[in-house]
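Note sheet for the following structure.
Where a number appears in this text, it was derived from the coordinates with a stated rule and is not lab data. On a predicted model such as this, the values are computed, not experimentally measured, just so you know. Using ideal geometry, Cβ is built from the backbone for each residue, glycine included, and neighbour counts are taken over all protein chains shown.
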């Protein structure tokens with residue numbers, strides 16, 4: 001049973017607002033008294049995913065379900081999709097342009113970081129249709 | 001050390017949130033790549049960077065950092081400053097370059113953390 005459901009629109013190519021959805025989720029979890037280490041793990045993973053949606057997929061939606069024992073974040077976009085997910089998971093692999101790197105991102109650590117900081121992570125992607133990333137962090 | 005001591009060591013100017021200058025910090029991280037900050041940082045309280053956009057503030061916030069030091073005399077964008085003010089995050093700017101800023105702070109007792 002879901003105790004709290006939140007939804008956010010993530011605007012594509014807007015580098016100023018990128019990260020706002022994650023900020024709101026972080027604020028909400030803090031208010032609920034969740035363990036700070038768990039908050040940081042989901043915040044980093046969700047922020048990486050949100051930045052990816054802004055950079056690569058022209059935005060999308062963040063669907064958040066907070067349960068008593070865990071948080072599940074689904075990031076859904078209708079962007080170009082990921083052709084080779086295994087390759088995209090490799091640390092250092094990136095398709096980001098130099099202009100993205102100038103902004104401090106595109107080191108090819110995004111998907112790798114999401115996996116590193118979460119308890120479960122799923123990537124579903126179809127080229128030309130879009131990508132859905134699911135992130136799960138269990139509360140300690 | 002305190003944030004105020006960091007400002008003194010680096011001869012840095014406060015850009016915002018000077019009221020938090022007496023907060024204690026023990027660890028720091030220096031990087032211009034926010035992706036790397038998100039990948040490798042654990043418990044650092046201070047971010048030393050030459051990058052000036054609002055994502056620096058968001059990255060620092062995700063990592064629970066409380067102070068950002070801009071090197072090479074850089075000043076963050078207005079929207080980045082506004083964001084930092086809203087979060088009570090201290091911003092400092094120093095003329096020091098990245099390597100010497102990190103070196104001076106390390107020598108003074110600030111460490112990379114676990």
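Using 0.36 nm per residue and subtracting the Cα-Cα separation, the extra length available between residue B:107 and residue B:18 on full extension is 29.7 nm.
Based on DSSP H runs of at least 4 residues, each adding -39500 (n - 2.57), what is the mean residue ellipticity at 222 nm of chain B after dividing by all its residues, to the nearest 500 deg cm²/dmol? Please report the intermediate quantities before stating the final value.
Numbers: 5 runs with 43 residues, N = 114.
Dividing the helical sum by the residues of chain B leaves -10500 deg cm²/dmol.
Other chains' Cβ within 10 Å of B:52-61 residues: what's the mean?
Details: counts 1, 6, 7, 10, 2, 2, 11, 6, 0, 6.
Per residue, the number of nearby Cβ atoms from other chains is 5 on average.
Here the extension length gained between residue A:24 and residue A:6 equals 5.5 nm, from 0.36 nm per residue of separation less the Cα-Cα distance. Spacing of the modelled spin labels on residue B:64 and residue A:35, each 7 Å from Cα toward Cβ, amounts to 1.2 nm. Build a GNM of chain B with springs between Cα atoms under 10 Å apart, and of B:103, B:30, B:86 the one that fluctuates most is B:86. Distance from the Cα centroid of the stretch B:40-113 to that of the stretch A:1-79 is 24 Å (rounded to whole angstrom).
How much mean residue ellipticity at 222 nm does chain A get from its helices, if each DSSP H run of length 4 or more adds -39500 (n - 2.57) and you divide by all residues, to the nearest 500 deg cm²/dmol? Show your work: numbers first, answer last.
Values: 5 runs with 51 residues, N = 140.
Counting only the DSSP helices, I get -11000 deg cm²/dmol.
For the pair residue A:14 and residue A:65, the difference between a 0.36 nm per residue extended length and the Cα-Cα distance amounts to 15.9 nm.
Name the shape class, rounded, prolate or oblate, that the alpha-carbon gyration tensor gives for the stretch B:67-106, where a ≥ b ≥ c are the square roots of its eigenvalues, rounded holds for a/c under 1.5, and otherwise prolate holds if a/b is larger than b/c and oblate otherwise. Provide the component values of the computation, followed by the final result.
Working: a/c = 4.32, a/b = 1.91, b/c = 2.26.
Judged from the Cα gyration tensor, the stretch B:67-106 comes out oblate (a/c at least 1.5, b/c at or above a/b).
Remark: relative contact order (the stretch A:4-138) = 28 percent; criterion is Cα-Cα distance under 8 angstrom and separation of 6 or more residues. Rounded, prolate or oblate: which one fits chain B, using the alpha carbon gyration tensor with axes a ≥ b ≥ c (rounded when a/c is under 1.5, else prolate when a/b beats b/c, else oblate)? Rounded. Counted over the protein assembly as shown, the DSSP beta bridges are approximately 75% antiparallel. Taking A:72, A:129, A:64 in turn, the Gaussian network model of chain A (Cα-Cα springs below 10 Å) assigns the largest fluctuation to A:129. Structural descriptor for chain B: relative contact order 34 percent, calculated from alpha carbon pairs under 8 angstrom and at least 6 residues apart. When chain A is treated as a GNM with alpha-carbon contacts under 10 Å, the residue of A:75, A:103, A:111 showing the greatest mean-square fluctuation is A:103.
When each of B:65, A:32, A:121, A:46 is scored by the number of other beta-carbon atoms lying within 10 Å, the sequence from fewest to most is A:32, A:121, B:65, A:46. By how many degrees, between 0 and 90 and to the nearest 10, does the Cα long axis of helix A:36-56 differ from the longest principal axis of chain A? Taking Cα atoms only, the helix is inclined about 30 degrees.
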